[in-house]
1. How large is the charge dipole for the stretch 92-190, taken about the Cα centre, if only the Cβ atoms of Lys, Arg (+1) and Asp, Glu (-1) carry charge, to the nearest 20 debye?
2. Quote the convex hull volume per residue of the stretch 54-195, based on C-alpha atoms, as a whole number of Å³.
3. For the pair D150/V82, report the inter-label distance in nm, with labels modelled 7 Å from Cα in the Cβ direction.
4. Going by average Cβ density within 10 Å per residue, which order do the peptides 53-60, 134-141, 84-91 take, highest to lowest?
5. Within the stretch 54-195, count lysine pairs with alpha carbon atoms under 23 angstrom apart where the residues are 8 or more positions apart or belong to different chains.
6. Sequence-distant or interchain residues sharing an amide H contact under 5 Å with L129, placed H: which?
7. Residue by residue through the stretch 69-76, what is 3J(HN,Hα) from phi via Karplus (6.51 cos²θ - 1.76 cosθ + 1.60, θ = phi - 60°)? Round to whole Hz and write x for glycine and proline.
8. Could you tell me the calculated FRET efficiency between N90 and K184, based on Cβ-Cβ distance and R0 = 25 angstrom, to the nearest 0.05?
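Throughout, read-outs are computed from the coordinates displayed, never taken from laboratory work. All values reported here derive from a predicted model rather than from experimental measurement. Here the Cβ positions follow ideal geometry from the backbone for every residue, glycine too, while neighbour counts run over all protein chains shown.
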Amino acid sequence: MRLGGKVGEMGASRINTKAILLTVAFALLAILVVNVGVPIVGIWMTVKPTVDRAQRGRERLFYQTDYAQLLAACRALSQRSVDGDLKPGNYHVHLGDPAPESQTFPQVILDLEPGIVQIESEGKVWLELLPGPEYFGVFAYPEGQKDRGDVKLIDGLWYYDSDYRDAYPEYMKKIDTMIADGRKRKSGGQLTSADQP
């Protein structure tokens with residue numbers, strides 16, 4: 001009988017060890033989920049609306065925006081800076097607390113829902129549709145100033161994108177296609193000279 005009792009105690013001991021190990025494993029998993037998973041979900045829930053808004057802005061830019069009107073609006077902001085009505089600098093529009101001055105920006109700019117509008121002292125205006133490390137948007141230059149960017153929309157107005165690089169040929173092709181499709185839509189289905197091979 002004694003032997004059977006020790007075997008029973010050993011079996012109970014193994015069960016207790018397994019139960020303890022499973023409890024510790026679940027506790028560690030819960031700690032990991034709370035300390036890593038919840039912040040990641042929280043960050044994503046904060047970032048996703050910004051990314052979605054930026055994508056809408058890019059689609060509006062390529063498919064709906066009259067580039068000449070946008071350039072004129074950006075140049076008007078630049079002129080306001082020259083006249084002293086606006087200081088050169090960053091103006092939050094749809095990022096953080098909006099700058100009060102941003103409410104006076106031309107509607108064609110506001111329709112793109114930029115995160116930040118930056119007005120440089122030499123007159124260049126940036127519309128950052130997606131601010132941050134993977135940014136994209138529009139550069140608008142004063143008349144007569146040398147202009148550059150990643151894709152020329154019209155003279156003085158350029159699309160820029162941190163990922164529009166030779167390292168990402170499929171992405172470049174996607175952006176080029178979106179721009180060409182937008183030009184085609186805006187011109188009533190006819191390709192413009194900028195879209196010709």
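1. Its charge dipole is roughly 500 debye.
2. 107
3. Taking the simple label geometry, D150 and V82 are separated by 2.9 nm.
4. Ranked by mean Cβ neighbours within 10 Å, highest first: 134-141, 53-60, 84-91.
5. The result is 12.
6. Close amide H contacts, sequence-distant or interchain: G115, F136, G137, V138.
7. Taking θ as phi minus 60°, the curve returns 5, 5, 4, 4, 5, 5, 5, 5 Hz for the stretch 69-76.
8. Between N90 and K184 the formula returns 0.15.
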